[in-house]
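Report on one structure; see the data block that follows.
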Amino acid sequence: MNWTKPKSNYDYTVNDDGSVHIVDLLGGMSVTNDAEAVLMEIHHHIDLTGRDVTYRDTEGQVDRLLHEKGVFKGFAPGPDNE
């Protein structure tokens with residue numbers, strides 16, 4: 001699978017339920033604007049198939065990153081914003 005290295009500075013954790021939470025760190029492009037590359041890089045390390053992915057931006061807003069097998073498909077409200 002080919003992927004482009006993200007321009008974002010981020011960290012992620014895998015939760016006990018298998019979901020993935022990304023934290024957008026300061027510096028570089030935002031995860032919001034680099035979502036495709038961020039998801040592909042994480043998918044390169046762990047299989048994202050069937051996993052719920054959320055991210056927290058630099059302002060503390062949590063949203064979902066929709067994907068199919070690590071391929072970015074769009075955004076959705078996070079669990080606290082539904």
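The values are calculated or read from the model by the stated rules, or taken from the named source; none is laboratory data. On a predicted model such as this, the values are computed, not experimentally measured, just so you know. With ideal geometry, Cβ positions are generated from the backbone for all residues, glycine too; neighbour counts draw on all protein chains shown.
List of remarks:
- Criterion applied to T13, T54, T58 was being modelled with pLDDT under 90 and among the β-branched types (V, I, T), and the one residue passing it is T58.
- Those residues of the stretch 34-82 which are under 11 Å from the mean Cα position of the chain (by Cα), among the aliphatic types (A, V, I, L, M) and under 20 Å from K5 (Cα atoms), in sequence order: A35, A37, V38, L39, M40, I42, L48, V53, L65, L66, V71
- Residues that are closer than 21 Å to G74 by Cβ and in contact with a Gly (Cβ under 6 Å, 6 or more places away or on another chain), drawn from the stretch 5-57: K7, S8, L39, M40, H43, L48, R51, T54
- Close pairs from the stretch 12-27: first without any contact (Cβ under 8 Å) to a residue 40 or more places away in the chain, partner surrounded by 14 or more Cβ atoms within 10 Å (Cβ to Cβ) and of a type in the set (G, A, S), Cβ under 6 Å, at least 6 apart: D24/S30
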